[in-house]
Ligand SMILES: Cc1ncc(C[n+]2csc(CCOP(=O)(O)OP(=O)(O)O)c2C)c(N)n1
Ligand code: SF4
Ligand SMILES: [Mg+2]
């Protein structure tokens, strides 16, 4: 059910978007995370992306697991319903919520512990099923909330704050998402808002399972020399395959670029995604090449960022299940109950 | 030699090889009695595999309508050489062994005190059919034909059933009728007078239906308005989700668009299935999962979250024995405590105990209502005995004026009108707060859902007082549930007595039968059939009115008894457990023997009847 917002009084200098909200309307509670935590920058990017996308804040459902990262939905979109579920199980809750109401925007926020360790199973299956949601992993290589143990995304050979060297091989969430059938896969860095905001916008607009792995340094436990998830390390080893611009509707395109470096990816909903290539040979609709390129960068200790893969013909779980257009939570006894006459016939067949 | 002679009251057991196509023939046999107005109670006893291992089908023919398992076998239809010895051993003295005598058997493989009826089934099949599969399948129908002749089952009753089964598949209909006739004729000519178990038309079935509890619960979910189902396959619950799928396909597809008014997901495990149901319930759809004990074990964390976050969740637990495979294809009531106190922290949950498929249907719909009304997990506790066996029961009923109870959901209009919204605020004194669904209003009514650590307005709070305040309200809510859940059924003895018995779920038919015998013997015993937890006032009264209370259940640890002792704070000494847990359904014979023995120990004398009734 949509309910129209009453016009509200705004600070005259604050710009409003097409649905009449200022950026501040997309904010949440004051963060309780450590000052400088990468996660807070991601929250800011989410706020910016939703505002620019002209989504009414209350039409977003925010879901998370457990961790510092999973606490963040409290710190953005204060007028949206949020669900801080259980550790590693956000994907199943998001799947069920999405099945119940296909009309909301689903934003799942998780951590690398939440998604790559305890929740790797649910992460895998939500990607396979193509649940229409944006799944953001705020990846810091450690368990922040439980005070700095290595997570499964920590690189082999990276050093913990106490000097312990990680000997296990890392899980690359973007590669995994690609392998499992995600139809939108991106990677970014919490310190690069320019890159992150359009990626989040495009992910939300994408009508299927969108995954963004965002490297998000933990200043308390994983921002020291020897860490491969620190601000310094990621800045020095970040290689963006492309730069994305995203406009919610066609008429908004105003910028011109040199021919040849730019491709437009039209979207089903009329929005425009424009990619400025920084690696001319990179084709983000080629899944196998994307996996190869990620692997090659990883081998060199570099982090490949940008829009890594996009399937423009993606379908979602509702399409697979052939559900009605009306949200299931709107159906009443009239639509759902076959009635007593039918029941009599069933009774008769059981005699 | 003694010869069991009985009319409309005996037990036939079929010993077959799994996957040999015997199931539908055996069902045909069972249903023919119903067509003749005689109640039957069929049961599957099957192994945890698909093909090749032994499987049994037991049919109790019971004019009086006692649908519990009787125990003992009057006629064994021994079609599985593998289990021959054990099967022959199980026959009551004076009973009958029906077998395929194509190959001669040494005398040592039989028993002196039973009657043997041989029919050359293989020979008949081999001379009639050339195809190996046909030889196998029609063998089953042929023995049904022979049994019909031996027992005086009206052949029309069976041919009519075959006709219904193969309606529209005429190619299959005729050969089946022919096979039936072949067996029938053979027995009439060659085996006349050999069987003392006879059938006579009666009028004791009425408009009852024969259905399994899993299909019934699935249909209850369809009628009760479930639109989301997430599940993970596990015996004996899988057929519930599969039936739901089947019924939805038939009853829930939008005619115009061809699109589904339901979503069913086979999840990757039970953690995911309960997570999906939790997400769907949070978002306002009526959702359920079906599972069995091991699945409930995996769901523990989510059940706690749903309890504390107050999310409607319906969980159907088709109980089975023990862990791993093997015993799991046997029945038990051994998840009572697991479900009642599921999860971490202080939790307790609403449980419903249906006695048969009719209540599976009714309670499934009720549990969806209750979960929404109470905003909490609700467990429908069935078991393999009810779930996977067809049972004769009252027909399903639905009142078309019935609306789904959505519980206290605050609307956009109410929020707009300025109604105070506190997600965990008890406005009505019943402990049940209001909730809002995501997406309701642009500026009012949103909240952040989390387990604990919150105040009445769902604001983050680590204050001990807020925590205690919330926990007390949850208790008030549980208190309110007592009057909303299905109330117990009390049966009073003819005279006032200080002795009572408590039972629940699938024990019901055997208990009813046992009570009729005790009545007959002049033993005065009041009974109460518990249909739900939390225990309502009527249960408290019943227990306090009696000095001794038998608690009859199908588990080792007297789980319902523990729950009664714990929740009602009664003296454990007066609660006497009567426990059956070998994996077979409890019988009236067992209950009688146990109760009689305890009565003897208690020194209770039956009251001599003045007049014959
Ligand atoms: C079942 C369960 N086990 C363990 C925990 C403890 N726990 C809380 S958060 C967390 C790790 C979180 O790591 P991550 O997802 O990377 O989030 P971050 O804090 O780094 O953002 C753990 C192990 C829990 N909450 N639940
Ligand atoms: S511990 Fe790390 S992840 Fe958690 S808030 Fe602090 S900086 Fe962020
Ligand atoms: Mg982390």
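The numbers here are math on the coordinates, done by the rules we state, and not lab data. In this text, all values refer to a predicted model and were calculated from it rather than measured experimentally. Here the Cβ is made from the backbone with ideal geometry for all residues, glycine too, and neighbour counts use every protein chain on show.
Computed values, structure above
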item: Mean separation of Cα contacts under 8 Å, 6 or more apart, over the residue count of region B:211-393: relative contact order %; result: 31 percent
item: Computed Kirkwood radius, in angstrom, where 1/r is averaged over Cα pairs of region B:211-393; result: 15.7 Å
item: From the C-alpha gyration tensor of region A:23-323, square roots of 5λ in Å; result: 27, 23, 19
item: Additional length obtainable on full extension of the chain from residue A:193 to residue A:330, 0.36 nm per residue less Cα span; result: 45.5 nm
item: Rounded to 10°, Cα long-axis angle of helix B:293-309 versus longest principal axis of chain B; result: 20 degrees
item: Bins of 20 Å from zero: percent of alpha-carbon pairs in chain B; result: 18, 47, 28, 7, 0
item: Inter-label distance, nm, simple model (7 Å from Cα along the C-beta direction), residue B:468/residue A:322; result: 5.8 nm
item: Rounded FRET efficiency, nearest 0.05, which uses the C-beta distance separating residue B:204 from residue B:101 and R0 of 35 Å; result: 0.50
item: Sites residue A:279 and residue B:259 - FRET efficiency at Förster radius 41 Å, r taken between beta-carbons, to 0.05; result: 0.45
item: Two-decimal log10 I(q)/I(0) for the protein assembly as shown, as the Debye equation yields it once each C-alpha is a single scatterer, q = 0.05, 0.06, 0.07, 0.09 Å⁻¹; result: -0.38, -0.53, -0.69, -0.99
item: Sequence-separation-based contact order of chain B, relative, with Cα cut under 8 Å and 6+ spacing, percent; result: 12 percent
item: Relative contact order of region B:74-138, pairs being alpha-carbon contacts under 8 Å that are 6 or more residues apart, as %; result: 28 percent
item: Residue mean of other protein chain beta carbons inside 10 Å, A:74-83; result: 5
item: Acute angle (nearest 10 degrees) that the helix B:238-251 long axis makes with the longest principal axis of chain B, alpha-carbon atoms; result: 80 degrees
item: Exposure proxy ranking, count of Cβ atoms within 10 Å, fewest first, for B:435, B:589, A:243; result: B:589, A:243, B:435
item: Sites residue A:156 and residue B:401, calculated FRET efficiency, Cβ-Cβ separation with R0 60 Å, nearest 0.05; result: 0.35
item: Global geometry of region B:409-486, whether rounded, prolate or oblate, following the gyration tensor of its Cα atoms and the 1.5 cut on a/c; result: oblate
item: Ranked list, fewest to most other Cβ atoms within 10 Å of each Cβ, for B:222, B:205; result: B:205, B:222
item: Volume in Å³ per residue [convex hull over Cα atoms, computed for region A:35-114]; result: 81 Å³
item: Centroid-to-centroid separation of region B:274-305 and region B:98-130 [C-alpha atoms, Å]; result: 52 Å
item: For region B:6-198, radius of gyration divided by Kirkwood radius, i.e. Rg to Rh on alpha-carbons; result: 0.93
item: Computed [θ] at 222 nm, helices only, for the protein assembly as shown once each DSSP H run of length n ≥ 4 contributes -39500 (n - 2.57); result: -10500 deg cm²/dmol
item: With Cα atoms, 0 to 90° folded angle of helix B:588-602 axis to chain B main axis; result: 70 degrees
